Amino acid sequence: MQSASMRSVFFLWALMTCRNYTFTNKNTYALCVDLPVLSSFLHWNYTQSTGTADVAFRHTGASTSRWISWAINPKGQRMVGCQALVAYMTTSGSMYAYTSSVDSYSTDLPEGALSFGVPSISATYENGEMTIFARLKLGTSMTSVSQVWEEGPMNGPGTPGRHSMGGANVRSTGTLNFLSTSSTSGGGSPSGSSGISSTERKKNVHGVLNAVSWGVLMPTGVLLARYLKVFKSANPAWFYLHVTCQTSAYAVGIAGWVTGLRLGDEGGGSSVGTHGNIGMALFILATLQVFALLLRPKPDHKYRLYWNIYHHSCGYTAIALSIVNVFIGLDLLDPTKVWKRTYIIILVVLGCVALTMEPVTWAVVIKKRRRERSQKHPAVGMNGAHSNGYNGRSHEDGV
């Protein structure tokens, strides 16, 4: 009985390895490797004299509403710079395979030529398994390469969506030697670690730093200044709270910005499109605000009005851009939307504070202005004497 169980286990294991697989189109491959994640396998023949590789990339448990991709990256184990083979099922039920050069983290895998020749490419879907077949003209010097393989959802007809940024999808990288079956995984974590790759950890740090600085601290600093300074008892505490919040936001934001630049360098020097451009604009606006603090004139200075316009314009623009950019960044970092929902709750809380304090502070301001007007122009009786009988001094004068 035990012998029969062992034979069954061995049989199942044999079926799940690349070495015992038979292609229905009768293609045969001399070499293959079981890729460590995403239920994927790579088969190939390599002709060293011409630098040509015939490859077959298989993904088991595939869905017709998802795409698959296998790529090599001459620039290292990262997404940006990947020269990808992509396949998915069309609405007509046929498989479509094409090539795509990945130039940013937010790519939707547009069709395009690769840095090497691909004379033929096709794909099949059978029994829940997608396979890409292709011939690659790599050249004789490219025998050991970095490889990346992925799978993700379709966003509609002919539009691959963004794959998950966690779990197996960030560990699906490694190196491949076309001359042998040696293949190493480059995206995983050492045994006993948390299972998060170094790149994923840097992205998380970048996201947290920027969400806290630009997305939370900076709006909070503005609320403190706007709603506390109208109360005489809060002066000058509101100013120091405002400066502390904004300088902290700037310091933490710079750390997050530098982390983003380093991620861009690791991605082949590419920025993440709109997200990176807005991040640069935020850095410039925040730096201008630091100079605004250093150049702040006295309240009664003739240029104070222009300084206020400059300070408020930069500040509110920075807050609007920061909130937009946090949402863009969270979409890149967290497709499951958990962090995004958390940030929405924070914004709702800040919004409720603003909605509550806005009418309260306006009431205080209007009351103060009325009091000042009454002090400037006190009521006068019929005989020209002041109605309060105090020789022109109002009760607020304390006399």
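Accessible surface of segment 226-318, 1.4 Å probe: 67 percent of it comes from carbon and sulfur atoms. A cut-off of 5 Å between modelled amide H atoms, ignoring neighbours fewer than 5 places along the same chain, links Gly174 with Gln147, Gly186. Straightening the chain between Asn308 and Ile344 buys 10.0 nm, computed as 0.36 nm per residue apart minus the Cα-Cα spacing.
The HN-Hα couplings worked out from phi for segment 346-351 by the Karplus form 6.51 cos²θ - 1.76 cosθ + 1.60 (θ = phi - 60°) are 4, 5, 4, 4, 4, x Hz, whole numbers, x standing for Gly and Pro. Amide H to amide H distances under 5 Å link Trp67 with Gly152, Met154, where only residues 5 or more positions off or on other chains count and H is placed in the peptide plane.
Grab the beta carbon distance between Arg135 and Lys298, set R0 = 51 Å, and tell me the FRET efficiency rounded to 0.05. The value I calculate is 0.10. With each label modelled as a point 7 angstrom along the Cα→C-beta vector, the Lys368-Asn25 pair spans 7.6 nm.
Less than 23 Å apart at the alpha-carbon level, and either on another chain or at least 8 residues along: which lysines does that give for Lys298? Qualifying lysines at Cα under 23 Å: Lys229, Lys232, Lys368.
Multiplying the residue separation of Asp34 and Ala251 by 0.36 nm and removing their Cα-Cα distance gives an extension gain of 73.5 nm.
Peptide packing: for 59-70, 236-247, 22-33, the average count of neighbouring Cβ atoms within 10 Å per residue gives the ranking 59-70, 236-247, 22-33, highest mean first. Candidate cross-link partners of Lys340 among the lysines, defined by an alpha-carbon separation under 21 Å and a same-chain spacing of 8 or more, comprise Lys202, Lys203. Rounded to 0.05, the FRET efficiency of the Ala237 and Leu321 pair, given R0 = 30 Å and the Cβ-Cβ distance, is 0.55.
How do 222-235, 297-310 rank on mean C-beta neighbours within 10 Å, highest first?
Ranked by mean Cβ neighbours within 10 Å, highest first: 222-235, 297-310.
Sorting check: for 166-172, 52-58, 80-86, 288-294, which peptide has the highest mean count of neighbouring beta carbons within 10 Å, and how do the rest follow?
Put in order of decreasing packing, that is 80-86, 52-58, 166-172, 288-294.
One decimal place: the segment Ser49-Glu358 gains 103.7 nm when fully extended, by the rule 0.36 nm per residue minus the C-alpha distance.
The values are calculated or read from the model by the stated rules, or taken from the named source; none is laboratory data. Since the model is a prediction, treat every value here as computed from it, not as a measurement. Positions of Cβ are backbone-derived with ideal geometry, glycine not excepted, and every protein chain shown enters the neighbour counts. Surface areas here come from the heavy atoms of the whole protein model, side chains and all, with no ligands, DNA or RNA. Shrake-Rupley method; radii C 1.70, N 1.55, O 1.52, S 1.80 Å.
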